[in-house]
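The values are calculated or read from the model by the stated rules, or taken from the named source; none is laboratory data. This one's a predicted model, so the numbers in the text were calculated from it and none came from an experiment. Backbone-built Cβ (ideal geometry, glycine too); neighbour counts: all protein chains shown.
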Amino acid sequence: MIDMRIEINEMRNAECRIRNENNRSGWLSLSCLLVFSLFILFASAQNSVIATLTADSTRITIGDHLNVRLAVKHSKSIKILMPTPKDSVGNMDFISSSKIDTIEQATDVVFAQKYTLSAYDSGVFHAGPVAVLYKNSAGGVDTAFSNDIAITVSTVAVDTTHPFKPIKAPLDVPYSWKEFTPYIGGSVGLLILAVIGIILWRKYRMQKPVVQARPKPKDPPHIWARKELKKLEDEKLWQKDEVKMYYSRLTETLRLYLEFRYQWLALESTTEEIEEQIGSYNLKEKAKESLLQTLRTADLVKFAKMLPSPDVNMKAMENAYKFIDFTEPKEEEKKQN
Amino acid sequence: MEIISGNTTVDIAALNERINRESAFVDVLNLELGKAIIGQKYMVERLMLAMLANGHILLEGVPGLAKTLAIKSLASAIHAKFSRIQFTPDLLPGDLTGTMIFNQKENNFTVKKGPIFANLILADEINRAPAKVQSALLEAMQEKQVTIGENSYKLEEPFLVLATQNPIEQEGTYPLPEAQVDRFMLKVVVTYPKKEEERMIIRQNMQLAGQTINPVVRQEDILNARKTVREVYMDEKIERYILDIVFATRNPEDYKLNKIKSFINYGASPRASINLALASKAYAFIKRRGYVIPEDVRAICFDVMRHRIGLTYEAEAENINSEEIISEILNAVEVP
């Protein structure tokens, strides 16, 4: 800009010289010179950047905020860099700045930004000048300065005739439900999620158990066992070549009968353990033998791939019935129960 | 009992017959061992079981319970090479596996094989040696080979390690890490002999001439028997039973065993399932059967599982041991 001014001055000087040295020059030459000068002025105006600083007020009280507006007008062809104050503008403290406003005109653009400034001492402060960097037409970086605004910062009048008062205690603001609503809502939400989680987890766990609880039959054990054996007979498993299944079901029924009748975990006992256990009961040898024979045959079928003859299969069922007959509670025992 | 002929049935019957034939040496071996060892039938049976299942044994028991005598007698009875290694805190891996020695005459290194190159090894008080020595032994047990210098040497079959641990005097010991204990197929707790047995022991020891054990079994018999053991039939019902037992140690709540859940830090590894199956087959073989029954699984379950269940501090505080946990599991898992 300075260069432009120099150029304009040079032009004016040249104009004077022409006027002084050659008064006789014609109107045509003068007009050409004027047109040329105007062209130069126009060209320089095309490259100019004008930064203007305006303030809401020129007088503030110490610590008050002052709004200052920086407007930078420049032609569209020029690229400018708006200043980014960090600590101060002029010698005033910088508080904050607004977003940059862009106003487009015919050939110009105006960038405007508001700064909030303050001062913490009394006296005269200066909000400016603010430097705006731009790229001139030659491609070099140039600086345009804004105007300076003098701000008078006055202090608060202290009445020294009155004694100093202590600092006021913090204000006790009453709580409102509105404040607690997000917390209450969040807690309720978390609680609901936790309950859903527990339900899903339990459901998952409930599905998982390998071992299911064994419900006790409503009928007395001997009646229940006979019904189960009858059912097994009717299914005719061994006749359908499902011998292993037949013996598995047969021994399971007998083991469960033992469990319900004598209250011990027969289903979790091996044949040897069952033999040992029933040995301690006052049972007829025939009863023990009929049970053990069935269990031993079943073990061979289940674990040694044995395929017994139909007679053996029928005998196993017969022995099972026999064992139940032998061990069925006697009349006195039934009455006691 | 009549057995209908069928391919599978014939197989089992043939296998039973073969087992009867091949397991005959078990009785002979028992008789021979009985000359030197009085009582301790359980330990001797487990020794044979491990030998047939190609596993190793960790013995826990106070000193003087014929542990060394048992394995020494077994080695003599099967005409196998026996080594005894006393584990001490200053033992080095090289003392065990062997080392390269410089031969000044020939100006080169020669291999000096260690005591581990034997058929039957007694690793006495294994927990007295530091971890690197234990690890060298356990590596040899697992890989069945030893590397000295740049060469690897296969260990001769049969190769059985019998390690002992003293349950008392824990001061200055290096307890075996869980991962290493897991490599022992069986952990057998050796107890005191019965009164009558101990009387016999006194009498036997009063005799001037000690009993000599004669080799009655060839190593080939043992190796053949090992092959047959693997052929013993195991029904899928038994497999499921084994899996249920092992899984009950991992997820007790699935087997209505919530009460022991807090006592188990970690359950048995898949190696437990493998060893339980293998040891059950070996047990069935010893009992002259070509098939495994639930009784076999239960008979060896304690020895296979007791060192594979990690107990919590809560269990220790309640004075609950792994045997009690196994008992609870066996009482809760349905027998097929």
Check A:Asp93, A:Asp148 and return the single one that is under 19 Å from A:Ser57 (Cβ atoms) and without any contact (Cβ under 8 Å) to a residue 60 or more places away in the chain. A:Asp93
A:Glu228 - would you say it is away from chain B (no Cβ under 14 Å), closer than 30 Å to B:Ile242 by Cβ, under 60 Å from the mean Cα position of the chain (by Cα) and not hydrophobic (A, V, I, L, M, F, W, C)? yes
Looking at the stretch B:324-335, is at least one residue small (Gly, Ala, Ser) and farther than 18 Å from A:Leu300 by Cα? yes
Wholly within the stretch B:281-336, which helices (runs of 4 or more DSSP H) include no fewer than the required count, namely at least 2 residues that are closer than 20 Å to B:Gly267 by Cβ and within 14 Å of another protein chain (Cβ to nearest Cβ)? B:294-305, B:322-332
Could you please give the count of residues in the stretch A:271-298 that are part of a loop (DSSP other than H, G, I, E, B) and polar (S, T, N, Q)? 2
Does any residue of the stretch B:185-200 turn out to be closer than 23 Å to B:Lys287 by Cα, at pLDDT 85 or above and more than 22 Å from the chain's Cα centre (by Cα)? no
In the stretch A:289-329, which residues are surrounded by fewer than 17 Cβ atoms within 10 Å (Cβ to Cβ), under 28 Å from B:Glu17 (Cα atoms) and of a type in the set (Asp, Glu)? A:Glu289, A:Asp311
Every residue from the stretch A:69-100 that is in a strand (DSSP E or B), more than 17 Å from A:Gly128 (Cα to Cα) and among the hydroxyl-bearing types (Ser, Thr, Tyr): A:Ser75
For the stretch B:59-75, what are the residues that are among the small types (Gly, Ala, Ser) and more than 19 Å from B:Asn205 (Cα to Cα)? B:Gly61, B:Ala75
All but one of (1) in contact with a strand residue (DSSP E or B) (Cβ under 9 Å, 6 or more places away or on another chain); (2) among the aromatic types (Phe, Trp, Tyr); (3) assigned to a loop (DSSP other than H, G, I, E, B) hold for B:Tyr153; which doesn't? (3)
Please determine, by comparing only the residues of the stretch B:241-265 that are outside any helix (DSSP H, G or I) and in contact (Cβ under 8 Å) with a residue 60 or more places away in the chain, which one is nearest to the other protein chains (Cβ to nearest Cβ). B:Lys256
Would you point out the residue of the stretch A:294-317, among those that are more than 9 Å from chain B (Cβ to nearest Cβ) and among the hydrophobic types (A, V, I, L, M, F, W, C), that is nearest to A:Thr270 (Cα to Cα)? A:Leu295
For the stretch A:93-115, give me the residue count where each residue is charged (D, E, K, R) and farther than 16 Å from A:Thr52 by Cα. 3
The number of residues in the stretch A:106-151 that are assigned to a strand (DSSP E or B) and at positive phi is 1
Need the failing condition index for A:Leu267 against (1) of a type in the set (A, V, I, L, M, F, W, C); (2) more than 12 Å from chain B (Cβ to nearest Cβ); (3) under 60 Å from the mean Cα position of the chain (by Cα), just the number. (2)
Could you tell me which of the residues A:Glu252, A:Glu233, A:Glu275 is over 60 Å from the mean Cα position of the chain (by Cα), within 11 Å of chain B (Cβ to nearest Cβ) and within 24 Å of A:Leu307 (Cα to Cα)? A:Glu275
Of those in the stretch B:215-238 that are within 11 Å of chain A (Cβ to nearest Cβ) and acidic (Asp, Glu), the residue surrounded by the most Cβ atoms within 10 Å (Cβ to Cβ) is B:Asp235
Wholly within the stretch A:165-270, helices (runs of 4 or more DSSP H) carrying at least 1 residues that are surrounded by 16 or more Cβ atoms within 10 Å (Cβ to Cβ) and touching a Leu at 6+ places or on another chain (Cβ under 7 Å): A:221-235, A:243-262
